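The values are calculated or read from the model by the stated rules, or taken from the named source; none is laboratory data. Keep in mind the model is a prediction, meaning the values are calculated, not measured. Cβ sites come from the backbone with ideal geometry, for glycine too, and all protein chains shown count toward neighbours. These area figures cover heavy atoms from the full protein model, side chains too; ligands, DNA and RNA do not enter into them. Shrake-Rupley method; radii C 1.70, N 1.55, O 1.52, S 1.80 Å.
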Amino acid sequence: MTQSPPEDPLSLGQKLVAVLEGGRRTSTYKLATILALLDLAVESVPEHPDDAVDIDLDALSERVLAMYWRQIRPIEGVQIRQSSDGRSAILAIVETLRTSTGIRERVGSPAGAEAADPNGYREAVEAIKVTLVRYPLQLLQRVNNAEYECFLYNDSWMNTTSLRIIENDHGNAIRLLPGVANALARLAPLLRPAFQLAWITDVRRMNAWLQEDGPDLAAHLFGSDRISLTRVRDVLREGFGSRCFYCDRTISDVPQVDHVLPWSRVPIDGLANLVLACRRCNGDKSDLLPIPDHHHRAMARGQATLDELASSINWPSQYRRAESAARGIYATTPAGTPMWCAAKNVRLSSRADFAW
Ligand SMILES: [Zn+2]
């Protein structure tokens, strides 16, 4: 194992794609891990692009938990396999948590599980953390038994299942090598859809009964939860009125719930990232990155107000997460990127947009 100096995002991305393409995956753990790492990299962009960044392993485990939490719900009455042999330690941990918190049959959320059973949630996060360290994190940078170099983080200590070693000896974190967090954040918009597609392909292979023309697997695995979002509509209306957040017109039909920072860029479902929008604005904005002003206005609704409204419906607010994600996204978006201002109004970003 060797370590190389900071490298440009492109070659880092190529290496990452190469290791994930190499060898047939027997489970979806590596994909879950790298997708969680991408999200956390976006939210942890350092001030200086070449800085090393610590990624907290509890945060990483919670992101992975949240992904499988969604995916564990049955599709056409069947729970999909996430490994070739149908066994999965992480799935079993998530399943146990859903059962112990009594929200197994409902959609629920990990935040709901944490509120209902804090100890059970803690135990689940720790069990997932041990599994992540021992398997996907330790194996992520290598293909089969080939020689390899650490290009993301040092993995030489990871042959352990001891919480004490992970938490005390290694600070409960992995340290992304200099420049890696910034590079991952810049690559995230390109890599996320590629790895999601790989995940969908893996799940099809692991679940032969799923036909090509069958259920919408992409929506099941990665879509935001439209059904749950209807729960936040009333509370947004109650808190901020029923005008469109973007064009300020009164919404005559049913208001749409819009993710200010697009769901395809960062999966943040917390109330801080949600607004009511008219059909026209919502449809026109689609997955485009909005101008920073929209994000700032959403934040200006106030953390205390958003937290309170969110907790009144047992929903996460994710104020700080939305804020750090926005900072990371705008800091790593190149000038000249199309950004959504208003319906039928898209402009190219300039350097001034990224001064934070
Ligand atoms: Zn509108």
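From Cα pairs below 8 angstrom and at least 6 apart in sequence, can you work out the relative contact order of the range 43-148, rounded to a whole percent?
Contact order relative to length: 27 percent.
Using alpha carbons only, how many angstrom separate the centre of the range 242-267 from the centre of the range 45-69?
The range 242-267 and the range 45-69 have Cα centres separated by 28 Å.
Hey, can you find the accessible area per residue of the range 226-354 for me, probe 1.4 Å, expressed in square angstrom?
Dividing the accessible area of the range 226-354 by its residue count gives 46 Å².
What residues of the range 18-62 lie in the reach of a label at Asp85, counting those whose backbone N is under 18 Å from a point 7 Å from the Cα along Cα→Cβ?
Within reach of a label on Asp85: 24-30.
Return the whole-Å distance between the Cα centroid of the range 172-241 and the Cα centroid of the range 92-162.
Each part's Cα centre sits 17 Å from the other's.
Need one word for the range 177-279: rounded, prolate or oblate. Basis is the Cα gyration tensor (sqrt eigenvalues a ≥ b ≥ c); a/c below 1.5 gives rounded, then a/b vs b/c decides.
oblate
Using the Kirkwood radius over C-alpha pairs as Rh, can you work out the diffusion coefficient of the range 2-222 via Stokes-Einstein at 10 °C, viscosity 1.306 mPa s, in µm² per second?
Value of D from the Cα-based Kirkwood radius: 88 µm²/s.
For the chain, give the share of DSSP beta bridges that are antiparallel, in percent and rounded to the nearest 5; count only bridges with both residues there.
Antiparallel bridges: around 85 percent, rounded to the nearest 5.
Helix-only mean residue ellipticity at 222 nm, the chain, DSSP H runs n ≥ 4 weighted -39,500 (n - 2.57), per residue, nearest 500. What is it?
That comes out to -14500 deg cm²/dmol.
Can you tell me the orientation of helix 57-71 relative to the chain, as the angle in degrees between its alpha-carbon axis and the longest Cα principal axis, to the nearest 10?
It is inclined by approximately 70 degrees.
With angles folded into 0 to 90 degrees, how steeply does helix 89-100 sit against the dominant principal axis of the chain? Use alpha carbons for both and round to 10.
Approximately 50 degrees, to the nearest ten.
Which one of Gln14, Gln141, Gln303 has the biggest mean-square fluctuation once the chain is modelled by GNM with Cα springs under 10 Å?
The residue that fluctuates most here is Gln14.
Which lysines have a Cα less than 25 Å from the Cα of Lys15, not counting those fewer than 8 places away in the same chain?
Within the straight-line cut-off, Lys15 pairs with Lys30, Lys129.
Whole-Hz ³J(HN,Hα) for each residue in the range 115-122, computed from phi via Karplus 6.51 cos²θ - 1.76 cosθ + 1.60 with θ = phi - 60°, x for glycine and proline: what do you get?
5, 6, 8, x, 5, x, 5, 4
With a/c under 1.5 counting as rounded, go ahead and sort the range 43-136 into rounded, prolate or oblate using the C-alpha gyration tensor (a ≥ b ≥ c being the square roots of the eigenvalues; past the cut-off, prolate if a/b is larger than b/c, else oblate).
Prolate shape, in that a/c is at least 1.5 and a/b is the bigger ratio.
Mind checking the angle between helix 180-206 and the chain's longest principal axis? C-alpha axes, 0 to 90 degrees, to the nearest 10.
The angle comes out at about 80 degrees.
Once you keep just the Cα pairs under 8 angstrom separated by 6 or more residues, what percentage relative contact order results for the range 2-222?
That works out to 38 percent.
Can you pull the three principal axis extents for the Cα set of the range 226-354, in Å, largest first?
Computed over the range 226-354, the largest-to-smallest principal extents equal 40, 31, 23 Å.
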